[in-house]
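Here's the structure, in structure tokens; my notes come after.
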There are 4 protein chains.
Amino acid sequence: MNPDSLQQLDRRLLKFARERDWEQFHSPKNLSMAMIAECAELVEHFQWLSEEQSMALSSEKKEAVALELADILIYLVRSAERLDIDLVDAANRKIAINEQRYPAEQVKGDARRASEY
Amino acid sequence: MNPDSLQQLDRRLLKFARERDWEQFHSPKNLSMAMIAECAELVEHFQWLSEEQSMALSSEKKEAVALELADILIYLVRSAERLDIDLVDAANRKIAINEQRYPAEQVKGDARRASEY
Amino acid sequence: MNPDSLQQLDRRLLKFARERDWEQFHSPKNLSMAMIAECAELVEHFQWLSEEQSMALSSEKKEAVALELADILIYLVRSAERLDIDLVDAANRKIAINEQRYPAEQVKGDARRASEY
Amino acid sequence: MNPDSLQQLDRRLLKFARERDWEQFHSPKNLSMAMIAECAELVEHFQWLSEEQSMALSSEKKEAVALELADILIYLVRSAERLDIDLVDAANRKIAINEQRYPAEQVKGDARRASEY
């Protein structure tokens, strides 16, 4: 992780956890549970909306959604810290894999899952 | 978002989606589903492990976990792009809220959910 | 639970777990993780489909979805067994709560979340 | 589904949805989102507990967990109804598959995922 915004976030979150003596709860197992629970709160905002409605949120709803995305990022950064994983490096490696797996000319306009090709 | 690693990731992912004509599938509703599916793949790695085992992964398992974290970050960045949300700013605002909600001296060593206080 | 199909399922699953010495892994915590991972596999089938497409699955896809629903039911029954909870009784009590919470004449055609009323 | 408790639940839930004109929201896609959101509320109860603690819930907590299991069963039954899938039949077929896939003598005491064998 470069010394940038994610790294600052990481430090702030580590300080937050340590001041509360919460590192003892932050096993990767537990953090994955907390992360999926936050992710489900995001899903809950969209479950009865049409796709179009999900693109056109009121400003109040958009702010609520922003804070759900924030919660997911928070647990993602905590997980990476506990596991000593460089998130941005991993994402760039994964995108390179996806670029190989889904050649643009072959999958254009078609989002079927990889396993179905 | 500062002109840093997350912003570079955002641009690379937008280019990836556009080259495949996949933006049409990337409604916030659909992206939330894809994100929770990736999050569940992370959970699946840990479901039968003890917390201790989840702290001490083999290098092979750790790499698989890194790529799951990457997938979550990828859909998080895509969601923020579609909704025009600044992820890092939202995370910092959310941490400020949490600092108010959970005063260090009051919650020290106790991870009960906010609603239970 | 009445002596019916769910109870038969419960007995078959308990036997399955015991023959494999897997009860040791089946804490409610772990089972909740396994259940959400199965639930996410269901979500994955639908994530890039429109709502209409999700109503009109091919017979091959429908069979795959049936087995995902089965996996969720399996972990649900296992969880109830470990916690000594009567699933059908709990469901009937929850429906009674929902009938109070969402009076038909008040919420007709409107699926907003309870908290938003 | 035999004419038993699950079938009674199915009928009660269908009536509940129709009286509120909510069938329009109950596409399999949307129901999968609602189901995973309920599943995450279950996960949330256990995320900071040890496995042992998750086995020994207070009666208050156990009742809250029972109602979460109920919510999952409710959406499971609704999904099966919309897709015309027999849940108990699917579960029995899936258990038969698992009995083949995990021979008792081969996997005894070992819960690694199928893909890892």
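One line per residue, one yes/no per condition, for (1) over 17 Å from the mean Cα position of the chain (by Cα); (2) within 21 Å of residue D:72 (Cα to Cα); (3) without any contact (Cβ under 8 Å) to a residue 12 or more places away in the chain:
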{"residue": "C:4", "(1), (2), (3)": "yes, yes, yes"}
{"residue": "C:13", "(1), (2), (3)": "no, yes, no"}
{"residue": "C:25", "(1), (2), (3)": "yes, no, yes"}
{"residue": "C:31", "(1), (2), (3)": "no, yes, no"}
{"residue": "C:40", "(1), (2), (3)": "no, yes, yes"}
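Inside the range D:57-91, can you point out the residues that are more than 7 Å from every other protein chain (Cβ to nearest Cβ), open to solvent by 40 Å² or more (accessible area, probe 1.4 Å) and without any contact (Cβ under 8 Å) to a residue 40 or more places away in the chain?
D:58, D:59, D:60, D:61, D:63, D:84
For residue A:94, all conditions in the list (1) at pLDDT 95 or above; (2) of a type in the set (D, E, K, R); (3) more than 16 Å from the chain's Cα centre (by Cα) hold save one; what is the number of the exception?
(3) is the only condition that residue A:94 fails.
For the subset of the range C:43-56 comprising residues that are at the interface with chain B (Cβ under 9 Å from one of its Cβ atoms) and part of a helix (DSSP H, G or I), which member is nearest to the chain's Cα centre (by Cα)?
C:43
Report the residue count in the range A:1-35 for those that are open to solvent by 50 Å² or more (accessible area, probe 1.4 Å), within 7 Å of chain B (Cβ to nearest Cβ) and either in a helix (DSSP H, G or I) or touching a Phe, Trp or Tyr at 6+ places or on another chain (Cβ under 9 Å) (or both).
Count: 2.
Output the number of the condition that residue B:47 fails; it satisfies all remaining conditions of (1) more than 23 Å from residue D:112 (Cβ to Cβ); (2) open to solvent by less than 30 Å² (accessible area, probe 1.4 Å).
In the conditions (1) more than 23 Å from residue D:112 (Cβ to Cβ); (2) open to solvent by less than 30 Å² (accessible area, probe 1.4 Å), residue B:47 misses (1) alone.
The values are calculated or read from the model by the stated rules, or taken from the named source; none is laboratory data. Because the structure is a prediction, the values reported are computed rather than measured. Reconstructed Cβ throughout: ideal geometry from the backbone, glycine too, with neighbour counts over all protein chains shown. Just so you know, the surface numbers come from the protein's heavy atoms only, side chains and all, with ligands and any DNA or RNA stripped out. Shrake-Rupley method; radii C 1.70, N 1.55, O 1.52, S 1.80 Å.
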